[in-house]
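Here the structure comes first, spelled out in structure tokens, and everything after it is commentary.
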Amino acid sequence: MKVNQKDSEKVGWDQMRGSSGNPIAVPVAQARTLPKLMVWLILFVSVTYVVYTLKLVSTSRACDDDLLITPPLMTVLSSEANVTMGAATAEGIRNQTSTTVALRREIPEAHKRTELRHIVFGIAASAKLWDQRKNYIKLWWKPKEMRGIVWLDNQVKTRSDEGLPPVRISGDTSRFSYTNKQGHPSAIRISRIVSETFRLRMKDVRWFVMGDDDTVFITENLVRLLAKYDHNQYYYIGSLSESHLQNIYFSYSMAYGGGGFAISYPLARALERMQDRCIQRYPGLYGSDDRMQACMAELGVPLTKELGFHQYDVYGNLFGLLAAHPVTPLVSLHHLDVVEPIFPNVTRVEALKQLMVPMKLDSAGLMQQSICYDKAKGWTISVSWGFAVQIFRGIFSPREIEMPSRTFLNWYRKADYTAYAFNTRPVSRNPCQKPFVFYLSRARFDSSMNQTVSEYARHRVPHPLCRWKMADPADIDRVEVYKKPDPHLWQRSPRRNCCRILDSKKRSAKNMAIDVGVCREGEISEI
């Protein structure tokens, strides 16, 4: 139907009439219409802003959580975040909020810092030596806090009240070829311990730690060390032999198994899938740890070196090594049947029990060296906290004192200083420079001062005659060391603690007091 020009004008005119039917001027109508439009526009923008803000807050919370959520949780959160605004009623917003809160409760558990319960130990043991070596395991094993398996070649007698890990017999390895004439086929059995432990399918495992039955772990430091690494990645962590020749013969890229090594869960899973095939390819290798490294090379995973794992391929007295421990947490001690007891005049097990006392007080600081000077008397003092104190006549630079003295023989029973994979210094031939050694006698925690008090008694051995006209350390009977526990020591950049000689005016002339702690601003071991 057509509408002529006059009709269209009539319609427009009618729309412009008021309720009384009188015509209204066009400018007045525009003046009244514009405020209404502005009000509606403002209301529309305000409502849109409020709704958009609510959605943004909800999704931003989800995004923040996505950074910490495992893939299954991220899927759930993503589905919640994709709810359309048309369905985002007040009830829907409450549901989203409750879901986000529930997810927040789950996230911290999955991403907590690594703890002892996240570690599973695989301990290689021999039935022939079990009765002797199980005493080493008793020193560090905590039945209610730790998980692990002792893997043996044959059955042994066990008691439930011994406080030891469960015992299992390793799987049959007769199908694997072993052609090394100098070694023993048991190396194949031991090399499969990580895989066999993995197949037990324990829950909430982040790390598998391998060690021998004559290895002692400082588990608190082990946890501190592993907490630095992302357990969701491939990691193969351990250390080398002290013997340069051993490292050349086997590998400088291999973690020595007696000192212990750690494998992250994803890497253990990858290893378990291919290890038996890998072992078949290396029948001529000597031990278990070089077989492990050969498989790691096939997986493309290098060794991450941590100096706190100690193989101790040496003979004799460990004093020089322990008194100058590197600036890293003490994680393990191995070959304890080969070396002398670490404290004099006691058995090996008794000596290690003695070391456990300061370990319980301040495990992070155990064996850590501090170097300071009594310049009035011309002495150099080295403190290996929880182990020993040395007093030297004369002033030695920190560069010298931080090097281990050669109180031990190399793995081939020779006093050959070129056979070590680290710097050493000779035991001084000058009779006046022979150190006076004070071994730990007792340690306690003083709650009133919030610090540990460790006492070190002089080791009574004959000293050669010295004609130097200076103060004689032989006049000192006991050294007291005061130190505040520092559990966060290894969360900072590595640095030796500083030590300070305390005022002895109010003390016996036969006692020395030393304070050990974090170096103050500008404090150095200045000679």
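The values are calculated or read from the model by the stated rules, or taken from the named source; none is laboratory data. Owing to the predicted nature of the structure, the values given are computational and were not obtained by experimental measurement. Ideal geometry is used to build each Cβ from the backbone, glycine not excepted, and the neighbour counts take in all protein chains shown. Areas reflect the complete protein model, heavy atoms only, side chains present, ligands, DNA and RNA absent. Shrake-Rupley method; radii C 1.70, N 1.55, O 1.52, S 1.80 Å.
A few notes on this one:
- Pairs with Cβ under 9 Å, 6+ apart, first in region 339-351 and modelled with pLDDT under 95, second open to solvent by 50 Å² or more (accessible area, probe 1.4 Å) and assigned to a loop (DSSP other than H, G, I, E, B): none
- Single condition VAL156 does not satisfy, out of (1) at pLDDT below 50; (2) part of a loop (DSSP other than H, G, I, E, B): (1)
- Residue pairs whose Cβ atoms lie under 7 Å apart, separated by 6 or more positions or on different chains, with the first residue in region 135-148 and polar (S, T, N, Q) and the second modelled with pLDDT of 95 or more and assigned to a helix (DSSP H, G or I), are ASN135/VAL349.
One line per residue, one yes/no per condition, for (1) within 22 Å of SER264 (Cβ to Cβ); (2) polar (S, T, N, Q); (3) surrounded by 23 or more Cβ atoms within 10 Å (Cβ to Cβ):
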residue: SER170; (1), (2), (3): no, yes, no
residue: SER174; (1), (2), (3): no, yes, no
residue: ASN180; (1), (2), (3): no, yes, no
residue: SER191; (1), (2), (3): yes, yes, yes
residue: MET210; (1), (2), (3): yes, no, yes
residue: ASP213; (1), (2), (3): no, no, no
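- Residue check for LYS469: open to solvent by 60 Å² or more (accessible area, probe 1.4 Å), over 34 Å from the mean Cα position of the chain (by Cα) and either without any contact (Cβ under 8 Å) to a residue 24 or more places away in the chain or closer than 30 Å to ALA227 by Cβ (or both): yes
- Selection from region 282-310 of residues that are open to solvent by 30 Å² or more (accessible area, probe 1.4 Å) and among the basic types (Lys, Arg): LYS305
- Residue in region 273-281 that is closer than 21 Å to VAL331 by Cβ and either part of a helix (DSSP H, G or I) or open to solvent by less than 50 Å² (accessible area, probe 1.4 Å) (or both) present: no
- Checking CYS295 against (1) in a loop (DSSP other than H, G, I, E, B); (2) of a type outside the set (A, V, I, L, M); (3) farther than 30 Å from MET512 by Cβ, the condition it does not meet: (1)
- All conditions but one from (1) crowded, with 16+ Cβ neighbours inside 10 Å; (2) over 20 Å from LEU322 (Cα atoms) apply to ASP475; the one that does not is (1).
- Selection over region 325-370 of residues that are surrounded by fewer than 22 Cβ atoms within 10 Å (Cβ to Cβ) and touching a Ser or Thr at 6+ places or on another chain (Cβ under 7 Å) gives a count of 3.
- Residues located in region 509-523, provided they are touching a residue at least 12 places away in the same chain (Cβ under 8 Å) and in a loop (DSSP other than H, G, I, E, B): ALA509, LYS510, VAL518, CYS519, ARG520, GLU523
Conditions tested, residue by residue: (1) open to solvent by 30 Å² or more (accessible area, probe 1.4 Å); (2) of a type in the set (A, V, I, L, M); (3) in contact with a strand residue (DSSP E or B) (Cβ under 7 Å, 6 or more places away or on another chain).
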{"residue": "VAL427", "(1), (2), (3)": "yes, yes, yes"}
{"residue": "PHE436", "(1), (2), (3)": "no, no, yes"}
{"residue": "PHE445", "(1), (2), (3)": "yes, no, yes"}
{"residue": "THR452", "(1), (2), (3)": "no, no, yes"}
{"residue": "VAL461", "(1), (2), (3)": "yes, yes, no"}
{"residue": "GLU480", "(1), (2), (3)": "no, no, yes"}
{"residue": "GLN491", "(1), (2), (3)": "yes, no, no"}
{"residue": "ASP515", "(1), (2), (3)": "yes, no, yes"}
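- Meets criteria (exposed (fewer than 13 other Cβ atoms within 10 Å of the Cβ) and free of Cβ contacts under 8 Å to residues at least 60 places away in the same chain) for ASP416: no
- Listed by position, the strands (runs of 3 or more DSSP E) enclosed by region 167-266 that each have at least 3 residues that are under 28 Å from ASN410 (Cα atoms) and not assigned by the TED database to the domain that holds LYS414 are 207-212, 236-238.
- Count of region 428-443 residues which are in contact (Cβ under 8 Å) with a residue 40 or more places away in the chain and more than 12 Å from ALA457 (Cα to Cα): 2
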